[in-house]
Each structure stands twice: as structure tokens, then as C-alpha cells.
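Structure, as C-alpha cells:
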Amino acid sequence: MTSTQDHMRETVRAVRDWTGETVAGLAKASGMSQPNLSAKLAGNIKLTMDDVDSIAAHWGLTFDDLLGGFDWLQENGRLPYAARAAREVGREAST
């Protein structure tokens, strides 16, 4: 059985991968250092509710949205499309 911590880490990683955002970018936008967020996503340090709230807010989501998981976000049209579009525009501009 997956713990809530594991589930949240998995969801954050999946959404971050989907948006194309780096750990450093997500950390900065969420008010954390990159090493701290990396340790939290690796399970070496616990994610707090405040951490999840900050990450969710950055993506225009709620804690409950992330609790639903990546599949739920996708099925309900709640993935952060604006964040992904911004990354894609940035990639196009740099090529």
C-alpha cells in the first residue's frame, strides 16, 4: 500500500515531468531550495502540507487536486496546461 507521502511525491514528479519543469524551477517557484525539494521528492525528507500547497498554487491547483493523483488530474482536465504551454513556448524560442 502506498503512503500519502509516496502518492504526493509521485504526483508532483509526474506533473513536473508533464510540464517539463525542472526541479530547480519548481523549487524556486515554490519557495524552496533545489536541494531541499530534491530530497523531499526522493523521500529523504517529508513533504509538508505547506510544501504541497505551495507547489499546487504554483501550478494553479489545490492540495486536493494533487491528492487526486496524475490520472485524476488528466481525466478531469485539471493538469496545469498553462505551465506546460509556457515551457513549450520557451523551448521553441530557444531552438
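The values are calculated or read from the model by the stated rules, or taken from the named source; none is laboratory data. Keep in mind the model is a prediction, meaning the values are calculated, not measured. We place every Cβ from the backbone using ideal geometry, glycine too, and count neighbours over all the protein chains shown.
Trp72 - would you say it is in a helix (DSSP H, G or I), aromatic (Phe, Trp, Tyr) and under 10 Å from the mean Cα position of the chain (by Cα)? Against the criterion (in a helix (DSSP H, G or I), aromatic (Phe, Trp, Tyr) and under 10 Å from the mean Cα position of the chain (by Cα)), Trp72 does not qualify.
Residues in segment 24-53 that are in contact with a helix residue (DSSP H, G or I) (Cβ under 8 Å, 6 or more places away or on another chain) and among the hydroxyl-bearing types (Ser, Thr, Tyr): Ser30, Ser33, Ser38. Determine whether Thr62 is over 15 Å from Thr4 (Cα atoms) and out of contact with any His (no Cβ under 6 Å at 6 or more places or on another chain). For Thr62, the condition - over 15 Å from Thr4 (Cα atoms) and out of contact with any His (no Cβ under 6 Å at 6 or more places or on another chain) - is met. Tallying residues that are closer than 11 Å to Phe70 by Cβ and acidic (Asp, Glu) within segment 1-24 yields 2.
Evaluate the following for Gly69: is it in contact (Cβ under 8 Å) with a residue 60 or more places away in the chain, within 15 Å of His7 (Cβ to Cβ) and either surrounded by 12 or more Cβ atoms within 10 Å (Cβ to Cβ) or not hydrophobic (A, V, I, L, M, F, W, C) (or both)? Judged against the criteria, Gly69 is a match.
Testing Asp17 on (1) surrounded by fewer than 11 Cβ atoms within 10 Å (Cβ to Cβ); (2) in a loop (DSSP other than H, G, I, E, B), one condition comes back false. Which one is that? Asp17 satisfies every listed condition except (2).
Please work out which residue is surrounded by the most Cβ atoms within 10 Å (Cβ to Cβ), limiting yourself to segment 44-60 and to residues that are hydrophobic (A, V, I, L, M, F, W, C) and touching a residue at least 40 places away in the same chain (Cβ under 8 Å). Top of the filtered list is Ile55.
Residues in segment 20-31 that are surrounded by fewer than 19 Cβ atoms within 10 Å (Cβ to Cβ) and in contact (Cβ under 8 Å) with a residue 12 or more places away in the chain: Gly20, Val23, Ala29, Gly31.
Of all residues in segment 18-59, those satisfying the criterion of being at pLDDT 95 or above and among the acidic types (Asp, Glu) are Asp50, Asp51, Asp53.
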